[in-house]
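The values are calculated or read from the model by the stated rules, or taken from the named source; none is laboratory data. No experiment lies behind these values; they were computed from the predicted model shown. Virtual Cβ from ideal backbone geometry, glycine too; neighbours counted across all protein chains shown. Just the protein is used for accessible areas: all its heavy atoms, side chains included, with ligands, DNA and RNA removed. Shrake-Rupley method; radii C 1.70, N 1.55, O 1.52, S 1.80 Å.
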Amino acid sequence: MEKIRKGDDVVVIAGKDKGKRGAVLQRTDAEHVLVAGVNRVKKHVKPNPVKGVVSGIVEKEMPLHVSNVSLYNPATKKADRVGFRKLEDGTKVRFFKSNGEVLAG
């Protein structure tokens with residue numbers, strides 16, 4: 001079970017985009033996530049008439065390591081650590097370590 005999942009609201013805690021907030025678009029692999037509007041780079045693209053791609057400079061998001069992002073806690077309005085807990089019915093849920101609030105989903 002992963003602490004950070006697709007759709008979670010996260011805060012960048014290290015790197016050039018430190019302090020920026022965004023939603024997780026996807027997990028590229030076990031250790032990297034793609035965050036909307038964060039870690040944007042310019043990539044030069046060659047034309048490919050077969051695929052219908054025109055040449056130019058494209059701006060896109062690049063993956064960040066999961067250790068450089070932390071979940072955003074709306075109650076405290078800050079980045080927060082996450083833990084796991086089992087409920088009485090046996091389901092495993094994530095919770096914020098600062099206030100113990102259980103995450104939805």
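Scanning segment 55-76 for residues that are among the hydrophobic types (A, V, I, L, M, F, W, C) and not in a strand (DSSP E or B) gives 62, 66, 75. In the set 104, 79, only one residue is within 22 Å of residue 26 (Cβ to Cβ) and assigned to a strand (DSSP E or B); that residue is 79. One residue stands out among those in segment 1-56 that are aliphatic (A, V, I, L, M) and touching a helix residue (DSSP H, G or I) at 6+ places or on another chain (Cβ under 8 Å): the one that is farthest from residue 86 (Cα to Cα), which is 14. Of all the listed residues (70, 98), the sole one being touching a strand residue (DSSP E or B) at 6+ places or on another chain (Cβ under 6 Å), touching a residue at least 24 places away in the same chain (Cβ under 8 Å) and open to solvent by 70 Å² or more (accessible area, probe 1.4 Å) is 98. Applying the criterion of being among the hydrophobic types (A, V, I, L, M, F, W, C) and modelled with pLDDT of 95 or more to the residues of segment 28-37, the residue that is farthest from the chain's Cα centre (by Cα) is 36. For residue 42, the stated conditions hold: it is part of a strand (DSSP E or B), of a type in the set (D, E, K, R) and open to solvent by 90 Å² or more (accessible area, probe 1.4 Å). Taking each residue of segment 44-55 that is in contact (Cβ under 8 Å) with a residue 12 or more places away in the chain and aliphatic (A, V, I, L, M) and looking for partners that are open to solvent by less than 100 Å² (accessible area, probe 1.4 Å) and part of a loop (DSSP other than H, G, I, E, B) with beta-carbon atoms closer than 8 Å, six or more apart or interchain, yields 45/55. Screening segment 79-94 for residues that are open to solvent by 30 Å² or more (accessible area, probe 1.4 Å) and not basic (Lys, Arg) and picking the one that is nearest to residue 2 (Cα to Cα) gives 84. Applying the selection to segment 6-39, what residues are touching a residue at least 60 places away in the same chain (Cβ under 8 Å) and buried (at least 16 other Cβ atoms within 10 Å of the Cβ)? Residues satisfying the conditions are 8, 10, 11.
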